[in-house]
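Please read the structure below before turning to the comments.
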Amino acid sequence: METMPVPADTRRVTVVALAATCVVLLCVLVACVLAVAGALSRGGNAAEGAGPEPAASTAVETPPPAATALPVPVRTDAPQGEPALCDRPEVQAALASGDDAGVIAAAGGGEGFRRAVVNGAAPCVNLRDPARVWFVVNKTMPMEPIDYAPYDWVAPPGVPLGNLAAIRTDVAPSIQAMSDAGVAAGVGRIGVQNGYRGYSVQQRIHRDRVAQLGREEGERLAARPGYSEHQSGIAMDVFGCTPGCSAPDAFGGTSTWPWVQEHAWEYGWIVRYEEGRTEITGYTPEPWHLRFIGPELAAAYHAGGYHSLEEFFELPAAPAYVD
């Protein structure tokens with residue numbers, strides 16, 4: 001069979017089509033090469049930190065998911081790993097030996113001890129133990145045990161003495177020191193009566209007061225047995241001798257009284273039942289009634305401007321007996 005020749009126009013169209021295809025393929029190849037080169041260039045700039053800052057995105061950011069639990073706070077007010085007050089060996093040893101001053105010192109002094117008790121950080125400290133200088137007894141907090149008696153007591157030496165002048169033996173030197181300081185200050189000597197009064201003695205005094213004045217008024221002046229600071233052996237009624245001695249209930253009008261009010265804390269004593277605190281303590285003001293809490297606690301009591309042990313230890317007011 002004879003082959004038909006291809007027309008010249010057809011050959012020209014075919015050549016043009018092939019040429020166009022080659023141009024397209026060449027453009028694609030060049031574009032690919034340029035893209036790869038640009039990517040490599042950007043990667044190098046990012047690694048060197050020399051590239052331009054990217055444009056800010058205009059897309060709306062998606063908020064982070066809500067927290068499913070609150071973070072646990074970490075306390076920074078005390079050294080981490082420090083044992084609690086009652087877990088310290090020196091505190092346990094001091095409590096076991098009856099060293100109240102040692103316990104208070106381990107707490108950082110009187111104010112540190114007060115804060116530990118108020119904040120519930122000292123469960124080993126029993127405010128109702130009458131053998132301790134920090135104990136509190138009032139009309140809602142009787143002694144434990146209610147018939148408590150101190151282990152020993154003595155009439156304080158070197159001071160004028162009235163009836164029932166015995167005081168706990170370890171406290172007696174502070175009374176003489178305070179009385180001597182009063183003499184040196186020119187305000188006279190401080191005398192003592194109504195120190196330790198046992199359960200049965202307090203029972204008689206309470207009964208007589210109530211019979212004389214009625215229950216409400218009588219119990220503002222005399223505590224029930226088991227509720228009296230006198231039963232602890234670390235409370236006393238004082239009188240002034242300049243040189244003649246006054247009755248205790250007249251002490252607030254003597255020249256000795258202002259000095260005692262200002263300086264008793266220096267010897268570990270406070271005025272327990274002050275003017276204006278009857279609704280807290282439950283008792284008529286008694287400027288003559290002093291209570292020993294030790295020099296460390298007395299210093300904190302004075303510095304803080306407290307006027308009752310209830311306020312000092314942030315205890316509820318005790319204006320009346322619960323029954």
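Read the figures in this text as sums done on the coordinates, not as results from a lab. The shown structure was predicted, so the numbers you read here are calculated from the model rather than taken from an experiment. Every residue, glycine as well, gets a Cβ built from its backbone with ideal geometry; the counts of neighbours run over all protein chains shown.
With a simple spin-label model that places each label point 7 Å from the Cα along the Cα-to-Cβ direction, the separation between Ala211 and Arg88 comes to 5.2 nm. Each of Ile167, Ile293 was scored by other Cβ atoms within 10 Å of its Cβ. Arranged with the fewest first, they read Ile167, Ile293. Sorting Val183, Val238, Val210 by the number of Cβ atoms found within 10 Å of their own Cβ, with the fewest placed first, yields Val183, Val210, Val238. In terms of surrounding Cβ atoms within a 10 Å radius of their Cβ, Met178, Met236 rank from fewest to most as Met178, Met236.
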